[in-house]
Amino acid sequence: MEIRNYFSTWWMVMLRPIYFYTKLKEADWKEQSLTFLLLTTWLLSFVATLVIFIVQYVPIGSTLVEGIEGLKFIIILPVLITLALVFFAITLLILGGLLTFAFFLMLYLIGILLNYVYLLLGGKGSLNRMIQSLFYSSAVILIGVAIFLLILLTKYAGLDYTLFRYGYNSIYYLLLLYMYGLWAVAGRKTYNVPKWKAFVGAAVPIIVMLIFGILFDKIALSRLQPWIT
(Lines give C-alpha, C1' and ligand atoms only; values in the text may rest on other atoms or scores of the structure.)
Protein backbone atom coordinates (compact mmCIF):
# COMPACT_ATOMS: atom_id res chain seq x y z
CA MET A 1 0.00 0.00 0.00
CA GLU A 2 1.48 3.32 -1.10
CA ILE A 3 1.40 6.21 1.35
CA ARG A 4 -0.96 8.13 -0.96
CA ASN A 5 -3.36 5.19 -1.05
CA TYR A 6 -3.05 4.93 2.71
CA PHE A 7 -4.29 8.47 3.30
CA SER A 8 -7.11 8.14 0.78
CA THR A 9 -8.23 4.99 2.61
CA TRP A 10 -7.82 6.77 5.95
CA TRP A 11 -10.10 9.60 4.87
CA MET A 12 -12.65 7.12 3.58
CA VAL A 13 -12.72 5.17 6.86
CA MET A 14 -12.96 8.32 8.97
CA LEU A 15 -15.46 10.33 6.92
CA ARG A 16 -17.50 7.71 5.05
CA PRO A 17 -17.32 4.52 7.15
CA ILE A 18 -20.68 3.10 6.02
CA TYR A 19 -19.71 3.48 2.36
CA PHE A 20 -16.23 2.08 3.05
CA TYR A 21 -17.41 -1.06 4.83
CA THR A 22 -20.21 -1.58 2.31
CA LYS A 23 -17.74 -1.55 -0.58
CA LEU A 24 -15.02 -3.44 1.28
CA LYS A 25 -14.42 -6.84 -0.31
CA GLU A 26 -13.29 -9.64 1.94
CA ALA A 27 -9.60 -10.45 1.64
CA ASP A 28 -7.00 -12.11 3.81
CA TRP A 29 -6.46 -9.86 6.84
CA LYS A 30 -2.72 -10.49 6.50
CA GLU A 31 -2.63 -8.41 3.32
CA GLN A 32 -3.86 -4.83 2.78
CA SER A 33 -5.64 -4.41 6.12
CA LEU A 34 -2.54 -5.50 8.07
CA THR A 35 -0.41 -3.12 6.02
CA PHE A 36 -2.84 -0.33 6.85
CA LEU A 37 -2.56 -1.12 10.56
CA LEU A 38 1.24 -1.18 10.39
CA LEU A 39 1.40 2.18 8.62
CA THR A 40 -0.97 3.69 11.17
CA THR A 41 1.00 2.49 14.19
CA TRP A 42 4.34 3.56 12.73
CA LEU A 43 3.02 7.02 11.86
CA LEU A 44 1.80 7.40 15.43
CA SER A 45 5.13 6.07 16.70
CA PHE A 46 7.03 8.63 14.63
CA VAL A 47 5.04 11.50 16.14
CA ALA A 48 5.45 10.05 19.64
CA THR A 49 9.20 9.66 19.14
CA LEU A 50 9.49 13.23 17.88
CA VAL A 51 7.72 14.53 20.99
CA ILE A 52 9.88 12.37 23.29
CA PHE A 53 12.96 13.69 21.50
CA ILE A 54 11.87 17.31 22.01
CA VAL A 55 10.71 16.87 25.61
CA GLN A 56 13.50 14.61 26.92
CA TYR A 57 16.50 14.38 24.62
CA VAL A 58 16.85 18.03 23.64
CA PRO A 59 17.08 19.28 27.27
CA ILE A 60 19.64 16.56 28.07
CA GLY A 61 21.67 17.45 24.97
CA SER A 62 21.54 21.13 25.88
CA THR A 63 23.27 20.47 29.21
CA LEU A 64 26.03 18.53 27.44
CA VAL A 65 26.96 21.46 25.18
CA GLU A 66 26.42 24.17 27.75
CA GLY A 67 29.29 26.66 27.62
CA ILE A 68 30.63 25.35 24.30
CA GLU A 69 30.59 28.07 21.67
CA GLY A 70 32.14 29.16 18.42
CA LEU A 71 34.58 26.87 16.61
CA LYS A 72 34.42 24.17 19.29
CA PHE A 73 30.67 23.88 18.84
CA ILE A 74 31.04 23.66 15.05
CA ILE A 75 33.61 20.87 15.45
CA ILE A 76 31.40 18.73 17.67
CA LEU A 77 28.19 19.51 15.73
CA PRO A 78 28.50 16.47 13.37
CA VAL A 79 28.93 14.21 16.40
CA LEU A 80 25.86 15.73 18.07
CA ILE A 81 23.76 15.29 14.93
CA THR A 82 24.88 11.66 14.60
CA LEU A 83 24.09 10.91 18.23
CA ALA A 84 20.71 12.61 17.92
CA LEU A 85 19.81 10.54 14.86
CA VAL A 86 20.95 7.33 16.56
CA PHE A 87 18.88 7.98 19.69
CA PHE A 88 15.90 9.00 17.57
CA ALA A 89 16.15 5.80 15.49
CA ILE A 90 16.54 3.58 18.56
CA THR A 91 13.54 5.18 20.27
CA LEU A 92 11.45 4.93 17.12
CA LEU A 93 12.26 1.24 16.64
CA ILE A 94 11.49 0.37 20.26
CA LEU A 95 8.33 2.45 20.47
CA GLY A 96 7.15 1.41 17.01
CA GLY A 97 7.60 -2.25 17.83
CA LEU A 98 5.74 -1.95 21.14
CA LEU A 99 2.82 0.03 19.71
CA THR A 100 2.54 -2.25 16.68
CA PHE A 101 2.44 -5.35 18.86
CA ALA A 102 0.00 -3.79 21.33
CA PHE A 103 -2.52 -2.55 18.74
CA PHE A 104 -2.25 -5.70 16.64
CA LEU A 105 -2.92 -7.92 19.65
CA MET A 106 -5.72 -5.69 20.91
CA LEU A 107 -7.59 -5.53 17.60
CA TYR A 108 -7.05 -9.21 16.86
CA LEU A 109 -8.45 -10.27 20.25
CA ILE A 110 -11.35 -7.84 19.90
CA GLY A 111 -12.04 -9.38 16.48
CA ILE A 112 -12.30 -12.83 18.06
CA LEU A 113 -14.52 -11.46 20.84
CA LEU A 114 -16.85 -9.65 18.43
CA ASN A 115 -17.04 -12.73 16.23
CA TYR A 116 -18.46 -14.79 19.11
CA VAL A 117 -20.71 -11.94 20.28
CA TYR A 118 -22.31 -11.45 16.87
CA LEU A 119 -22.70 -15.18 16.36
CA LEU A 120 -24.53 -15.34 19.70
CA LEU A 121 -26.73 -12.48 18.51
CA GLY A 122 -27.76 -14.58 15.52
CA GLY A 123 -25.43 -13.17 12.91
CA LYS A 124 -23.60 -15.10 10.23
CA GLY A 125 -20.21 -13.91 9.11
CA SER A 126 -16.50 -14.46 8.80
CA LEU A 127 -13.86 -13.99 11.51
CA ASN A 128 -11.38 -13.12 8.78
CA ARG A 129 -13.58 -10.26 7.53
CA MET A 130 -14.14 -9.02 11.08
CA ILE A 131 -10.41 -8.83 11.76
CA GLN A 132 -9.90 -7.20 8.37
CA SER A 133 -12.50 -4.56 9.24
CA LEU A 134 -11.02 -3.94 12.69
CA PHE A 135 -7.55 -3.40 11.27
CA TYR A 136 -8.98 -0.69 9.02
CA SER A 137 -10.69 0.85 12.04
CA SER A 138 -7.18 1.54 13.38
CA ALA A 139 -7.43 4.77 11.37
CA VAL A 140 -8.95 6.29 14.52
CA ILE A 141 -5.69 5.71 16.39
CA LEU A 142 -4.14 8.70 14.62
CA ILE A 143 -6.43 10.93 16.68
CA GLY A 144 -3.91 10.15 19.42
CA VAL A 145 -1.52 12.60 17.74
CA ALA A 146 -3.51 15.34 19.50
CA ILE A 147 -2.43 13.94 22.88
CA PHE A 148 1.23 14.42 21.98
CA LEU A 149 0.51 17.96 20.89
CA LEU A 150 -1.01 18.56 24.33
CA ILE A 151 2.22 17.27 25.88
CA LEU A 152 4.20 19.91 23.98
CA LEU A 153 1.76 22.62 25.05
CA THR A 154 2.05 21.50 28.67
CA LYS A 155 5.83 21.36 28.55
CA TYR A 156 6.60 24.55 26.65
CA ALA A 157 3.45 26.69 26.44
CA GLY A 158 2.44 26.72 30.08
CA LEU A 159 -0.68 24.59 29.73
CA ASP A 160 -1.79 23.53 33.19
CA TYR A 161 -1.47 19.81 33.88
CA THR A 162 -5.11 19.66 34.97
CA LEU A 163 -6.12 20.96 31.54
CA PHE A 164 -3.83 18.40 29.94
CA ARG A 165 -5.57 15.67 31.90
CA TYR A 166 -9.00 16.88 30.79
CA GLY A 167 -7.76 17.11 27.22
CA TYR A 168 -6.29 13.61 27.33
CA ASN A 169 -9.50 12.10 28.66
CA SER A 170 -11.62 14.00 26.13
CA ILE A 171 -9.49 12.72 23.25
CA TYR A 172 -9.50 9.17 24.61
CA TYR A 173 -13.28 9.05 24.98
CA LEU A 174 -13.75 10.68 21.57
CA LEU A 175 -11.52 7.97 20.13
CA LEU A 176 -13.62 5.28 21.81
CA LEU A 177 -16.84 6.85 20.55
CA TYR A 178 -15.56 6.83 16.99
CA MET A 179 -14.29 3.28 17.41
CA TYR A 180 -17.71 2.26 18.70
CA GLY A 181 -19.38 3.58 15.57
CA LEU A 182 -16.87 1.93 13.23
CA TRP A 183 -17.10 -1.44 14.98
CA ALA A 184 -20.90 -1.33 14.92
CA VAL A 185 -20.89 -0.60 11.18
CA ALA A 186 -18.31 -3.32 10.57
CA GLY A 187 -20.32 -5.81 12.65
CA ARG A 188 -23.53 -5.05 10.78
CA LYS A 189 -21.89 -5.39 7.36
CA THR A 190 -19.95 -8.53 8.31
CA TYR A 191 -22.64 -10.47 10.17
CA ASN A 192 -25.77 -8.98 8.58
CA VAL A 193 -27.43 -8.19 11.91
CA PRO A 194 -29.97 -5.42 12.63
CA LYS A 195 -28.61 -2.01 13.58
CA TRP A 196 -29.50 -2.37 17.26
CA LYS A 197 -27.70 -5.70 17.50
CA ALA A 198 -24.68 -4.21 15.77
CA PHE A 199 -24.43 -1.49 18.42
CA VAL A 200 -25.12 -3.90 21.30
CA GLY A 201 -22.35 -6.21 20.08
CA ALA A 202 -19.83 -3.41 19.59
CA ALA A 203 -20.54 -2.14 23.11
CA VAL A 204 -18.94 -5.22 24.70
CA PRO A 205 -15.26 -4.37 23.95
CA ILE A 206 -15.96 -0.64 24.33
CA ILE A 207 -17.09 -1.17 27.93
CA VAL A 208 -13.82 -2.98 28.65
CA MET A 209 -11.83 -0.12 27.13
CA LEU A 210 -13.85 2.42 29.13
CA ILE A 211 -12.94 0.63 32.34
CA PHE A 212 -9.30 0.54 31.26
CA GLY A 213 -9.37 4.27 30.51
CA ILE A 214 -10.81 5.10 33.94
CA LEU A 215 -8.21 2.95 35.71
CA PHE A 216 -5.37 4.43 33.65
CA ASP A 217 -6.53 7.95 34.52
CA LYS A 218 -6.75 7.16 38.23
CA ILE A 219 -3.57 5.10 38.57
CA ALA A 220 -1.03 5.81 35.84
CA LEU A 221 -1.69 9.24 34.35
CA SER A 222 -0.66 11.20 37.45
CA ARG A 223 2.69 9.40 37.48
CA LEU A 224 3.49 10.91 34.09
CA GLN A 225 3.16 14.47 35.41
CA PRO A 226 6.88 14.96 36.25
CA TRP A 227 7.84 13.82 32.75
CA ILE A 228 5.23 15.99 31.04
CA THR A 229 5.70 19.14 33.10
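Structure notes:
- Principal-axis tilt of helix 161-191 within the chain, Cα atoms, nearest 10 degrees: 30 degrees
- With Cα atoms, 0 to 90° folded angle of helix 3-15 axis to the chain main axis: 60 degrees
- A straight chain from residue 27 to residue 121 at 0.36 nm per residue would run longer than the Cα-Cα distance by 31.4 nm.
- Only one residue of 60, 111, 74 has its Cα farthest out toward the positive end of the dipole of segment 1-144, where Lys and Arg carry +1 and Asp and Glu -1 on Cβ, and that residue is 111.
- Shown for segment 106-229 is the translational diffusion coefficient from the Stokes-Einstein equation, using the Kirkwood radius over Cα pairs, a temperature of 4 °C and a viscosity of 1.567 mPa s: 83 µm²/s.
- With all protein chains modelled, accessible area of residue 28 [1.4 Å, Å²]: 60 Å²
- Looking at segment 19-59, the trypsin sites (Lys or Arg not before Pro) that sit in a DSSP loop and have at most 16 other Cβ atoms within 10 Å of their own Cβ are 25, 30.
- Using only alpha carbons, segment 12-65 has a radius of gyration to Kirkwood radius ratio (Rg to Rh) of 1.31.
- Per residue, the solvent-accessible area of segment 1-108 (1.4 Å probe, heavy atoms of protein chains only, all protein chains present) comes to 64 Å².
- Between 0 and 90°, nearest 10: helix 195-219 axis offset from the chain longest Cα axis: 30 degrees
- Apolar share of the accessible surface for segment 1-126: 74 percent from carbon plus sulfur atoms, 1.4 Å probe.
- The mean sequence distance of close C-alpha pairs (under 8 Å, at least 6 residues apart), as a share of the length of the chain, puts its relative contact order at 27 percent.
The values are calculated or read from the model by the stated rules, or taken from the named source; none is laboratory data. Just so we're clear, the structure is a prediction, and the values are computed from it rather than from any experiment. Using ideal geometry, Cβ is built from the backbone for each residue, glycine included, and neighbour counts are taken over all protein chains shown. Calculation scope for accessible area: heavy atoms of the full protein, side chains included, ligands and nucleic acids excluded. Shrake-Rupley method; radii C 1.70, N 1.55, O 1.52, S 1.80 Å.
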